[in-house]
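Here is the structure we will look at.
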Amino acid sequence: MLRLVLFSIIILVVSSCQQNSGFDYVDPFIGTGGHGHTFPGATLPFGMVQLSPDTRLTGWDGCSGYHYSDSAIYGFSHTHLSGTGVSDYGDILLMPYCGETYFNNGSDGSPGYNSEFQKSSEHAEPGYYRVTLDKHNIDVELTSSDRVGFHRYSFNDSKDRRLIIDLEHRDQVLSSQIKQVSETELIGHRHSKAWAQNQFVFFKMAFNQPIVSIEILEDSLGTKAALYFGEGDELQVKVALSAVDEKGAEQNLEAEIPDWNFNQVRTDAKKAWQNQLGKIEIEGGSESQKRIFYTALYHSMIAPNLHHDVDGRYRGTDLEVHQDDDFTNYTVFSLWDTYRSTHPLYTIIEQDRTNDFIKTFLRQYQQGGRLPMWELACNYTSCMIGYHAVPVIADAYIKGIRDFDAELALESMLHSSMQTRLGIDAYREFGFIPMSEESESVSKTLEYAYDDWTIGVMAEAMGKDDAAQTYFERAQY
């Protein structure tokens, strides 16, 4: 456990990691207003599922799918980005309703399945979210395991229970399908294009009560379905995800939430977050400072995201399916944003995951041809500058976190530094990047020089003196 005294000194405490009050200080609504681009819904530490309400469909402040100033909810989707400056995700949207069916979401002002809601009905904590949909007086509760989102809907007026599934929601759909496989189960997929040009999401959806009827609407924009469950006061839904195939989603569901105990899953999610947040204990400071600290810590633990099925399969950056039980594969590496402080934090409190992050980098290098710069759902987005997987690898190696192939790692680092894109060729030729050769020339020169210094440090630690000398010289550019 790391004990941190606010505005004083950091002390490493040799003791077991115990639960503390950090969980109670987290406010998932922090960052959901202004330009924060965060979401308030249910997720586990570094989990595959981010089950959260969608209130905003477009615009820069809709990157996470939610904005605190909004008053209407379009539904609850299972993937969300946190804190990014580009929109994506929002996959597999569900929306409960009563009465007349609308396949339109209502964003154009016409009647739709969206609903107004009151901020006073919202509650969010790590691993759990709750809200009341005003249109039909439905209470929605959300929780999750690593790979499965769990919904509980209370139909307070006991009217007919209905549910919209919208696979068209948000980004461009390349292909999609919803297929009923039993009276209580659906399977399907969504292949989409946005920031990630080829994103694959497969799902297995299970209901605690049989589907009375289903209407599926398919067109060039995507697939939607309207489900009817008869009259009653509650409905529960489990949605398992996989980037591999429907079988992977089914196995993820069976492994993680085989039963229908929503309260137990919520309790398990709380325990997971208590243990996670308990890795750092703080002393001193005001209540407000503690809330800010633990919420920031919580946000640092939302991504990268698990991208590996329970059977050991995952989709690589070659977009092919691979089997590997020797590490855990992750996605969403915002490295320009995270190499400075988030990954160094992980070397203290997430050493095992740091090894898995680096092993993921190396698989991406082997399968996709280069280390990630800003990787999303197996896709290279080519967003931002530098080659900042390099300092993450070097930092871990120098700190003794070395459960990865160091020779392969150094090879991949050298490969990153010898590219001809984004001014790297001009940087090597001239010792700087002329503004006539490349935009953002000063920033890129500085970042490449820093990355090269970390290559030199790692090469020196590995006894590669010639490479170390070369990259220490490049670091002076």
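Scanning the range 16-70 for residues that are among the polar types (S, T, N, Q) and touching a helix residue (DSSP H, G or I) at 6+ places or on another chain (Cβ under 7 Å), which turns out least open to solvent (accessible area, probe 1.4 Å)?
Result: Thr38.
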For the range 378-402, the count of residues that are closer than 20 Å to Ser87 by Cβ and among the hydrophobic types (A, V, I, L, M, F, W, C) equals 3
Within the range 432-469, the count of residues that are part of a loop (DSSP other than H, G, I, E, B) and buried (at least 18 other Cβ atoms within 10 Å of the Cβ) comes to 4
Practice item. Could you tell me whether Ile433 is more than 28 Å from the chain's Cα centre (by Cα) and modelled with pLDDT of 95 or more? Key: yes
Residue hits (the range 308-332; hydroxyl-bearing (Ser, Thr, Tyr) and in contact (Cβ under 8 Å) with a residue 40 or more places away in the chain) are Tyr314, Thr317, Tyr330, Thr331
Of the residues in the range 271-287, those that are assigned to a helix (DSSP H, G or I) and open to solvent by 60 Å² or more (accessible area, probe 1.4 Å) come to Lys271, Asn275, Glu287
Pairs returned, first residue in the range 385-406 that is of a type in the set (Lys, Arg), second residue that is surrounded by 19 or more Cβ atoms within 10 Å (Cβ to Cβ) and at pLDDT 95 or above, beta-carbon separation under 9 angstrom, 6 or more apart or interchain, are Lys399/Thr354; Arg402/Ala396
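Considering only the range 294-315, state which residues are more than 16 Å from the chain's Cα centre (by Cα) and either β-branched (Val, Ile, Thr) or surrounded by 19 or more Cβ atoms within 10 Å (Cβ to Cβ) (or both).
Tyr294, Thr295, Val310, Arg313
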Of the residues in the range 253-270, those that are assigned to a helix (DSSP H, G or I) and not basic (Lys, Arg) number 11
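In a loop (DSSP other than H, G, I, E, B) and β-branched (Val, Ile, Thr), is that true of Val310? Talk me through it step by step, then tell me what you get.
On the way: in a loop (DSSP other than H, G, I, E, B): yes; β-branched (Val, Ile, Thr): yes.
Against the criterion (in a loop (DSSP other than H, G, I, E, B) and β-branched (Val, Ile, Thr)), Val310 qualifies.
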Exactly one of Ala426, Ala389, Ala409, Ala396 is in contact with a Pro (Cβ under 6 Å, 6 or more places away or on another chain), open to solvent by less than 20 Å² (accessible area, probe 1.4 Å) and at pLDDT 95 or above, and that residue is Ala389
Of the residues in the range 407-420, those that are in contact (Cβ under 8 Å) with a residue 24 or more places away in the chain and assigned to a loop (DSSP other than H, G, I, E, B) come to Gln419
Taking the range 229-252 and keeping only residues that are in a strand (DSSP E or B) and either aliphatic (A, V, I, L, M) or more than 30 Å from Gln199 (Cα to Cα) (or both), one is left with Phe229, Gly230, Glu231, Glu234, Leu235, Val237, Val239, Ala240, Leu241
* Any chance His136 is open to solvent by 30 Å² or more (accessible area, probe 1.4 Å) and over 19 Å from Ser52 (Cβ atoms) -> yes
Across the range 155-182, the tally of residues that are surrounded by 19 or more Cβ atoms within 10 Å (Cβ to Cβ), closer than 24 Å to Glu100 by Cα and not aliphatic (A, V, I, L, M) stands at 7
Pairs returned, first residue in the range 253-280 that is touching a residue at least 40 places away in the same chain (Cβ under 8 Å), second residue that is basic (Lys, Arg), beta-carbon separation under 6 angstrom, 6 or more apart or interchain, are Leu253/Lys204; Glu256/Arg147; Ile257/Lys238; Phe262/Arg152
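Is there a residue in the range 99-116 that is of a type outside the set (A, V, I, L, M), buried (at least 24 other Cβ atoms within 10 Å of the Cβ) and either under 21 Å from Ser300 (Cβ atoms) or without any contact (Cβ under 8 Å) to a residue 40 or more places away in the chain (or both)?
no
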Discussion item. Residue under question is Pro344, and the condition is that it be touching a helix residue (DSSP H, G or I) at 6+ places or on another chain (Cβ under 7 Å), open to solvent by 20 Å² or more (accessible area, probe 1.4 Å) and at pLDDT 95 or above; does it hold?
Written reply: yes
Answer yes if at least one residue in the range 193-205 is surrounded by fewer than 16 Cβ atoms within 10 Å (Cβ to Cβ), of a type outside the set (Gly, Ala, Ser) and closer than 27 Å to Asn156 by Cα, and no otherwise. no
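The values are calculated or read from the model by the stated rules, or taken from the named source; none is laboratory data. Model, not experiment: these values are computed from the prediction. In this analysis, Cβ positions are derived from the backbone assuming ideal geometry, glycine residues included, and neighbour counts consider all displayed protein chains. Just the protein is used for accessible areas: all its heavy atoms, side chains included, with ligands, DNA and RNA removed. Shrake-Rupley method; radii C 1.70, N 1.55, O 1.52, S 1.80 Å.
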